[in-house]
Amino acid sequence: MRPRAARPRGRRGAVALAVLALAVVPALAEDLPVAVQAVLLKKTFLFDPLLGGKATVLVVFADDSQEQPAQRLATAFRDAEVPADAVRSDAAGERVAGVGAVYFLGPSVDDRLRGLCAEHHRLSVAGTVALAEGGRVAIAVGVSSAGSPEIVVHRGRLAEEGHRLEPRLLKLARLVG
């Protein structure tokens, strides 16, 4: 027979674990691991006839505090066999024309670069789902409310950039805009 004292401690432990799990879920819901983002976006590129599955990615970051995460993301793309480079947004303008996709790191998108994506038919992507939901990028990858990876496609932004995706992918993605 179990001692009485062990039972309440177990309940408290379970409650503490549940509270900890709830505290961690929002953090996990915001970010998909960079290796998963790279692979998921690589597969997405295969369903874009304009890219033909062969996209060079330019990872754009806004300030010095984002340089290391940008470099990690560029490395993850290269590990997934997608050529990639990271560059600060104020130096990215002349580089946009030479790539297939521009990955915007962080919670915002530089309007000048956003315009260049449309002008040069470069696919804008991000790891922040809210950017696609708001029409700031064409495609974002993230974690769904169910906890699984998801692709979010903003149809209007995708068309503005001159891209289209095959119906097989659109059936798997969450479509907005």
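The values are calculated or read from the model by the stated rules, or taken from the named source; none is laboratory data. Here the structure is a predicted model, which means the values were calculated and not measured. When we count neighbours, we look across all protein chains shown, and the Cβ atoms used for this are built from the backbone with ideal geometry, even at glycine.
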- Pick from the stretch 117-157, criterion in contact with a Phe, Trp or Tyr (Cβ under 9 Å, 6 or more places away or on another chain) and of a type outside the set (A, V, I, L, M, F, W, C), ranking: nearest to Leu58 (Cα to Cα): Ser124
- Val87 fails exactly one of (1) under 25 Å from Ala35 (Cβ atoms); (2) crowded, with 22+ Cβ neighbours inside 10 Å, namely (2)
- Message: Take the conditions at pLDDT below 95 and under 19 Å from Cys117 (Cβ atoms) and apply them to Asp90. Does it pass?
- Response: yes
- Message: Condition first: of a type outside the set (Gly, Ala, Ser) and modelled with pLDDT of 90 or more. Can you find one or more residues in the stretch 26-33 that meet it?
- Response: yes
- Residues in the stretch 154-167: is at least one surrounded by 22 or more Cβ atoms within 10 Å (Cβ to Cβ) and under 18 Å from Ala70 (Cβ atoms)? no
- Pairs, first at positive phi in the stretch 99-126, second among the basic types (Lys, Arg), C-beta under 9 Å, six or more apart: none
- Query: In the stretch 55-84, what residues are surrounded by fewer than 15 Cβ atoms within 10 Å (Cβ to Cβ), closer than 15 Å to Leu41 by Cα and in contact with a strand residue (DSSP E or B) (Cβ under 8 Å, 6 or more places away or on another chain)?
  - Reply: Arg78, Pro83
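I need the full set of residues from the stretch 51-80 which are over 17 Å from the mean Cα position of the chain (by Cα) and either of a type in the set (Ser, Thr, Tyr) or over 17 Å from Ala138 (Cβ atoms) (or both), in order please.
Those that are over 17 Å from the mean Cα position of the chain (by Cα) and either of a type in the set (Ser, Thr, Tyr) or over 17 Å from Ala138 (Cβ atoms) (or both): Lys54, Asp63, Asp64, Ser65.
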